[in-house]
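Since every read-out is calculated from the coordinates, none of them should be taken as a lab result. Everything numeric here is computed off the predicted structure, so don't read it as measured data. Note that each Cβ is placed from the backbone with ideal geometry, even for glycine, and that neighbours are counted across all protein chains shown.
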Amino acid sequence: MRTFNVTGLCVPDKHYMADISGKLAKIREMIDRGDYFTINRARQYGKSTTLLLLARALAKEHTCISLSFVGIGTTIFASSASFCQRFLLHISKALESADEDFAAQWEDATVTDFDLLGYHIDKLCNGRKIILMIDEVDKASGNEAFLHFLGMLRSKYLAKQAGAANAFHSVVLAGVYDIRNIKQKMISEGAYTPADMEHKLYNSPWNIAADFKVDMSFNPAEIATMLKNMKQTITQAWISRSLLTRYTALQADIRSWYRGSANALIRSPKKAGRSMASRKL
Ligand SMILES: Nc1ncnc2c1ncn2[C@@H]1O[C@H](COP(=O)(O)OP(=O)(O)OP(=O)(O)O)[C@@H](O)[C@H]1O
Ligand SMILES: [Mg+2]
């Protein structure tokens, strides 16, 4: 039986859920268009649940890579080489169940910097529409390697637009903060020292991102679908309980009739036989 979930990811077959198909359709339009963007909303706004539902729907037609930076640790950010290697490993693991051969192609020990990572992505995206989703990107903010990773995605996106390279068809990042401001934030916190030219430009590595305008809060119609679902289950539970009560009563009836008939049989076998034969359950 489904339950009402108030902590963490909501899964349709386990939890009562508001029907967010309207939101999903709007986000899907952005993905189909090939947008790179961030879903940045406050905690517990349904970001991870939205990504899960999107990934399930997209997987029917496309290759969808779903990653999360939650619990990823800090080793990945130690250097460009470790980021590239771990990123490829995570992609490979994420694809394993859907396509083992393709998953194995992602791992490549020679990919040790972002330039090489870009070429590797170019090669593997050739002729395929691949959607990359990364949840909890905030866990990576403050790390220089992540900044370079965003820069690489940006340059691949621009090259793809110019028809000069293959790249992920769409990239969806999810987190609490708007990572378009990540570089300024890191510079002001002393976490990143830009090169001279870069300092003047203050370019965001994610300035290619499309604006995300989908209203992520639940509207009354969406909540109503969840309440209807709950009501249905409660009604079903009531019906099965009442059937059980009726069945139990019937069983008791049969037992007492049997007991009565057995006693009557001992007292007057002929009379009891006639009465049992005429009795209907
Ligand atoms: N479609 C939905 N229907 C009903 N409740 C939902 C739905 N999506 C999210 N919720 C509610 O919001 C809670 C948080 O969902 P989710 O983990 O997807 O949010 P989040 O934005 O990823 O949170 P965080 O920022 O903490 O990672 C769920 O536990 C659930 O109570
Ligand atoms: Mg989440």
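What are the aspartates and glutamates whose alpha-carbon lies under 18 Å from the alpha-carbon of residue 26, with same-chain residues fewer than 8 places away excluded?
The reachable aspartates and glutamates, counting only those whose Cα sits under 18 Å from residue 26, are 35, 61, 211, 215, 222.
Taking 0.36 nm per residue of separation and subtracting the Cα-Cα distance, what length does fully extending residue 33 through residue 211 add?
Answer, rounded to one decimal: 62.8 nm.
Using modelled amide H (1.01 Å from N, peptide plane; none on Pro or chain starts), what sits under 5 Å from the amide H of residue 134, excluding residues fewer than 5 places away?
67, 172, 173, 174
Which stretch or stretches of the stretch 1-15 have amide N atoms under 18 Å from the point lying 7 Å from residue 231's Cα along the Cα→Cβ direction?
4
Going highest first, how would you order 232-239, 74-81 by mean Cβ packing within 10 Å?
Packing proxy ranking, top to bottom: 74-81, 232-239.
Excluding residue 214 itself, calculate the net charge of residues whose Cβ lies under 12 Å from the Cβ of residue 214, where each Lys or Arg counts +1 and each Asp or Glu counts -1.
It works out to a net charge of +2.
For a protection proxy built on the mean count of beta-carbon atoms within 10 angstrom, sort 134-141, 151-158, 93-100, 15-22 highest first, please.
134-141, 151-158, 15-22, 93-100
Going out from 0 in 5 Å bins, what whole percent of all Cα-Cα distances in the stretch 1-55 drops into each bin?
4, 17, 27, 24, 15, 8, 4, 1
If you wrap the stretch 21-217's Cα atoms in a convex hull and average its projection over all directions, what's the area in nm²?
Details: hull surface 44.8 nm².
That works out to 11.2 nm².
How would you rank 166-175, 204-213, highest first, on the average number of other Cβ atoms within 10 Å across their residues?
166-175, 204-213
Aspartates and glutamates within cross-link reach of residue 93: Cα-Cα under 17 Å, excluding same-chain residues under 8 positions apart?
Correct list for residue 93: 101, 107, 108, 135.
Go through 123/156; 14/228; 23/160; 23/129; 129/156; 14/213 and tell me which ones have a Cα-Cα distance over 19 Å in this structure.
23/160; 23/129; 14/213
Amide H of residue 63: which non-local residues (sequence gap of 5 or more, or other chain) have their own amide H closer than 5 Å, using H built in the peptide plane?
129, 131
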